[in-house]
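Structure record follows, encoded as structure tokens.
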Amino acid sequence: MSRWAAILVVALLSGCGNAPVRIESKALGGAPARSPERLIIAAVDNDPTAFLASAGGTPRGYDSVVPYGSTSAARARMRSLERDYGLREVNEWPIKPLHMDCAVLKIPDGADRDSLLAAMSADPRVKLAQPLQTFTTRSSYNDPYLELQRGFLQMNVMEAQSWSSGEGVKVAIIDTGADTQHQDLRGRIAAADNFVDSDAEQFRRDRHGTEMAGVIAAVANNHEGIVGVAPEARLLLFKACWQLRLDADAANCNSFTLARALVAALDAHVQLVNLSLVGPDDPLLRGLIQEGIRRGILFVGAASDMADGRRGLSQLPGIIEVASAERGSPSDAAVYAPGKDILTLMPGGHYDFASGDSIATAEVTGVVALLLARNHSLTASATSKLLRDTSVRAKAPADRTGHVDACAAVVAVVGRGTCAGDAHADLMTDRTDHVALH
């Protein structure tokens, strides 16, 4: 079966209800998670001529009739770089959107990485040379926990859903894995791919991605749990981050795994990408995000807090930067959403509260999906301005900045209608710490 046909089958099965989602694994030997300071990424030009791959060759894009792979000239250039600089290949991958062959390489023992990268950057054979950088994660209905959904109510999502529920919008969540069998995600997952390892069980046990998926698109009116901000959106789960502990949300990703997930998102023709993670500006990821923006994809990312003043990934032009309203202002360009004690999904069919910029980012991704369902041509700059212009002012000391108003934003896109305001939010109490969730 072709890859495109397989994705269609997964989408049809997941839309039918109880069918499990198949988790594709394309780790290419596993992600290099250890000793990243001894690893670099290098790329050379790769002619975009497609070829027929042999068994075990390069994975094809979702929309490719013939696989894209490394040309003999590109392979020869990469091998010559390895010989000349004493490098050893860890992983290799041709990147079709950028027309280049990319590799994760281990530098020689005792070599100074910065000096080696400077020399390689000046080498005419090299299209890109950079460190392998590390990124981290940040953290009327019949659904019984609706009244506990603080962010949902504060952002006036219930009113917004009378105009839009995110129907037809494909959202890529580039994160850890997620519980594809959770009862409150039934029918919402169109595809699940693993770029870290081949452990399907761990994929379903991962916490952070499960939390993001629940906030964005938990099923509405199913007599289960919670309601997602965009409950009719279609989720594509791309695991590029690995959970650091079984009982905590913290997870790491790197340039290579994130790049592979971004290409999968481009190949799947998603309209929206959620990046609930932070890290430095990265040339490889920047190129892929810019290509996605050129194709009309919107990116929503967690606000950067680079301590040394460097620009973070979420501050790249075209990314909608999001911070928790309770945290304060990381930048003038950010938009804000509630990020404290947000009820969401947990692996194993459970529910719990999560806090942080990650969860706020997922909430805004859900709101953007509501907007895209009514206007597919929205740009990142127009969407950011719309979200800021329609945000509500801070009404409590804990809310330092105000936050997104989903209803006001959707009504502005629709061009008619009114919103009653966030009266529901005034009914919220502090009992979230005392309720038992299953």
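FYI, it's all coordinate maths here, none of it is from the lab. What you are looking at is a predicted structure, and each value in this text was computed from that prediction instead of being measured. As a convention, Cβ positions derive from the backbone with ideal geometry for all residues, glycine included, and neighbour counts pool all protein chains shown.
Note on residue 375 and residue 420: with the Förster distance fixed at 22 Å, the Cβ-Cβ geometry gives a FRET efficiency of about 0.45. With the highest mean first, a sort of the peptides 346-359, 369-382 on other beta-carbon atoms found within 10 angstrom per residue produces 346-359, 369-382. Treating r as the C-beta distance of residue 250 and residue 352 and R0 as 22 Å, the FRET efficiency rounds to 0.90.
Whose amide H sits under 5 Å from the amide H of residue 128, counting only residues 5 or more places off or on another chain, with H placed in the peptide plane? Here the answer is 43, since their amide H atoms fall under 5 Å of that of residue 128. Is the C-alpha gyration tensor of region 135-427 telling us rounded, prolate or oblate? Criteria: a/c under 1.5 is rounded; beyond that, a/b larger than b/c is prolate, otherwise oblate. It comes out rounded by the Cα gyration axes. Return the whole-Å distance between the Cα centroid of region 231-251 and the Cα centroid of region 257-285. For region 231-251 versus region 257-285, the Cα centre distance is 14 Å. Remark on residue 90: its backbone amide H falls under 5 Å from those of 104, 105, 106, a criterion applied only to residues 5 or more positions apart or on other chains, H modelled at 1.01 Å from N. Is the C-alpha gyration tensor of region 184-275 telling us rounded, prolate or oblate? Criteria: a/c under 1.5 is rounded; beyond that, a/b larger than b/c is prolate, otherwise oblate. Judged from the Cα gyration tensor, region 184-275 comes out oblate (a/c at least 1.5, b/c at or above a/b).
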